[in-house]
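Engineer: Here it is, the structure, as structure tokens.
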Amino acid sequence: MQATTFKVRVDAVRDEAPGIRSFRIARLDGQPFGAYTPGAHIDVTAPSGITRQYSLCGDPERVDTQLFAVKNEPESRGGSRSLHDDVAVGSELTVGAPRNLFQLAPDARRHVLIGAGIGITPLLSMAYRLVRLDVPFELHYFARSEAHAAFLPLLTQEPFARHVRVHFGVVADELDASLATCLANASAGTHLYTCGPAPFMDRVVAAGEACVPADAIHLERFAAEPAAPGEAEAALESFDVRIATTGQTVKVAKGTSIVDAFAAIGIEIDTSCGEGVCGTCMIGVIEGEPEHRDHCLSKAERASNKVICCCVSRSRSPLLVLDL
């Protein structure tokens, strides 16, 4: 199961804030990109050869080009650093087709978007769509200062300005009170979306759970977090995974992922991040109880046990039957 990829040319590079750079790309073959839903991300292979996922932050209705932004993370494995250091206008890259695990809820009556730092990127694409649909929404953007707020000139102009509230220099001790203010008008049918550093999102989720149902809270993580102590205690050391369509079964041993177990018998499951963040390897579960170790499924999706991220998650039951 191989992902669709495109060769693209970088048509514009712009510094949006210190350490945050945007890249506008177009297909080398001159064809338009397919439409994508707000909140989607793409795989981008940097000149270093490392592939990482970046949210699309342009207007989803625009198909001649796509826009994504990258925060330079010097301590990372080199994907973001390579894009900052090695890519200029005219550079060629390989990107994947958009995937979306962070979609706008179609039945929401009102939307509250709360982002921090580089987390503004998927929320910006949502704002484009919500403005076009004329749906009630607010976008709250937290940043260290005005200078550190990416896309601020765009967000503070119409058609976004009336929907956007910026919060500069909010210290940790004041964050909960600020978030409570952001959610003060949450009413029945409100959905909450958040993206940013993990500790920030944890605080947003905690504030949101006091105002809206858990299944009305949506989040996008950019990186995996360390497993909490005891998190994997309920997982079995080894278990079987069966393909529903063929009945073919493979044993997943301790220290082996479902992806690797299938690869050993010649069955390829498409992966990208390998950390349970991007959702590329997400597959439906027909029978059994997954032990979720991903960082992309919502609480409601985990509780349903209907899907599993095969690169990191394991099983609480002796057998998992997958929708393959």
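Every read-out reported here was derived from the displayed coordinates using simple, explicitly stated rules and does not represent laboratory data. Computed from a predicted structure; not experimentally measured. Heads up, the Cβs are rebuilt from the backbone with ideal geometry, glycines too, and the neighbour counts pull from every protein chain shown.
Engineer: Counting each pair of different Cα atoms once, what's the Kirkwood radius of region 46-149 in Å, rounded to one decimal?
Structural biologist: Result for region 46-149, one decimal place: 15.5 Å.
Engineer: Shifting gears a bit: Along the Cα→Cβ direction, 7 angstrom out, place labels at residue 158 and residue 306. What is the inter-label distance in nm?
Structural biologist: 4.2 nm
Engineer: Which value, in debye to the nearest 20, describes the size of the charge dipole of the chain about its Cα centre when Lys and Arg Cβ atoms bear +1, Asp and Glu Cβ atoms bear -1, and nothing else is charged?
Structural biologist: Computed about the Cα centre, the dipole is about 400 debye.
Engineer: Can you pull the Kirkwood radius for region 1-108, inverse mean 1/r over Cα pairs, to one decimal in Å?
Structural biologist: For region 1-108, inverting the mean 1/r across all distinct Cα pairs yields 14.2 Å.
Engineer: Let me ask another. Please compute the contact order of region 63-167 in relative form: average sequence separation of alpha-carbon pairs under 8 Å and at least six residues apart, divided by the residue count, as a percent. Mind showing how you got there, number by number?
Structural biologist: Numbers: 90 pairs, mean separation 22.7, N = 105.
Worked out over region 63-167, it gives 22 percent.
Engineer: Relative contact order (percent) for region 171-324, with alpha-carbon contacts under 8 angstrom and 6 or more residues of separation?
Structural biologist: Once normalised by length, the contact order is 24 percent.
Engineer: Which one, 98, 25, 66, is farthest towards the positive end of the dipole of region 1-99 when Lys and Arg carry +1 and Asp and Glu -1 on their Cβ?
Structural biologist: 98
Engineer: Also: Name the shape class, rounded, prolate or oblate, that the alpha-carbon gyration tensor gives for region 110-220, where a ≥ b ≥ c are the square roots of its eigenvalues, rounded holds for a/c under 1.5, and otherwise prolate holds if a/b is larger than b/c and oblate otherwise.
Structural biologist: oblate
Engineer: Counting Lys and Arg as +1 and Asp and Glu as -1, what is the net charge of the other residues whose Cβ lies under 13 Å from the Cβ of residue 285?
Structural biologist: With Lys, Arg at +1 and Asp, Glu at -1, the net is -1.
Engineer: Another question about this same structure. At a threshold of 8 angstrom on Cα-Cα distance, excluding pairs fewer than six apart, so keeping six or more, what relative contact order does region 5-96 reach in percent?
Structural biologist: 37 percent
Engineer: Simple spin-label model, 7 Å along Cα-to-Cβ: residue 187 to residue 135 in nm?
Structural biologist: 1.7 nm
Engineer: So in region 239-322, what percent of DSSP beta bridges are antiparallel if you round to the nearest 5?
Structural biologist: Of the beta bridges lying entirely in region 239-322, close to 75 percent run antiparallel.
Engineer: What number results when the radius of gyration of region 175-305, computed over Cα atoms, is divided by 2.2 N^0.38 Å? Don't skip to the end; give the middle numbers.
Structural biologist: Numbers: Rg = 17.9 Å, N = 131, 2.2 N^0.38 = 14.0 Å.
Against the empirical 2.2 N^0.38 Å value, I get 1.27 for region 175-305.
Engineer: Continuing with the same structure: For the chain, what does -39500 (n - 2.57) per DSSP helix run (n ≥ 4), summed and divided by total residues, give at 222 nm, in deg cm²/dmol to the nearest 500?
Structural biologist: After summing the helix terms and dividing by the residues of the chain, the value is -5000 deg cm²/dmol.
Engineer: Counting other C-beta atoms within 10 Å, and keeping those with at most 13, which DSSP coil GluC sites (Glu not before Pro) do you find in region 49-124?
Structural biologist: 61, 75
Engineer: OK, next. Between helix 198-209 and the chain, what is the angle of the helix's C-alpha long axis to the longest principal axis, kept within 0 to 90° and rounded to the nearest 10?
Structural biologist: 90 degrees
Engineer: Moving on. Could you point to the residue in 321, 280, 248 farthest towards the positive end of region 239-322's charge dipole, with +1 and -1 charges on the Cβ of Lys/Arg and Asp/Glu respectively?
Structural biologist: 321
Engineer: Next question, about the same structure. Using the Karplus curve 6.51 cos²θ - 1.76 cosθ + 1.60 with θ = phi - 60°, work out ³J(HN,Hα) for each residue of region 17-31 in order, rounded to whole Hz, and write x for Gly and Pro.
Structural biologist: Running phi through 6.51 cos²θ - 1.76 cosθ + 1.60 with θ = phi - 60° gives 5, x, x, 10, 10, 9, 10, 9, 10, 9, 5, 5, 7, x, 7 Hz.
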